[in-house]
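Data block below; observations after.
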């Protein structure tokens, strides 16, 4: 996502981490009329155990935008569970996709960066998020120092 929408830029990730931990401390609000309520998650390994289904859903949508992916990137399809639209539903608790394991590892990395480094920099303001590096792409672009902007260090 772009900095205005929580990206992997330094300020945005810090904001995301702060929002995640602030949400975890507040009681979940009931869903607004007409909004879908998401069931409680059953397989949280790195996210706070008290996250509600709605909190997890909202965070996953942030990650989708930050990484330019869909739910199927990390979550396995369950061909035996057909939804009302005639399509197979996803098994969110399933851990068989390597992408899900990578997402957990990356989440831990972000948490460590934000907690152990960014939070200790006075005025840092925003957390590091997936979008800081990925900027809407599953595979972030490499850094080419010859393309940097600003004054030369020579």
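Any read-out appearing in this document is the output of simple, stated calculations on the displayed coordinates, not a laboratory observation. These figures come from a predicted structure and were not determined experimentally. For neighbour counting, all protein chains shown are included, and Cβ atoms are generated from backbone atoms with ideal geometry for every residue, glycine included.
What to note about this one:
- In nm, spacing of pseudo-spin labels at residue 78 and residue 138 (7 Å Cα→C-beta vector): 2.3
- Normalised convex hull volume, the stretch 37-121, alpha-carbon set, Å³ per residue: 112
- With a Förster radius of 22 Å applied to the beta-carbon distance between residue 38 and residue 101, the computed FRET efficiency rounds to 0.50.
- Peptides 91-101, 50-60 ranked from most to least packed give 50-60, 91-101, packing being the mean of other C-beta atoms within 10 angstrom over each peptide's residues.
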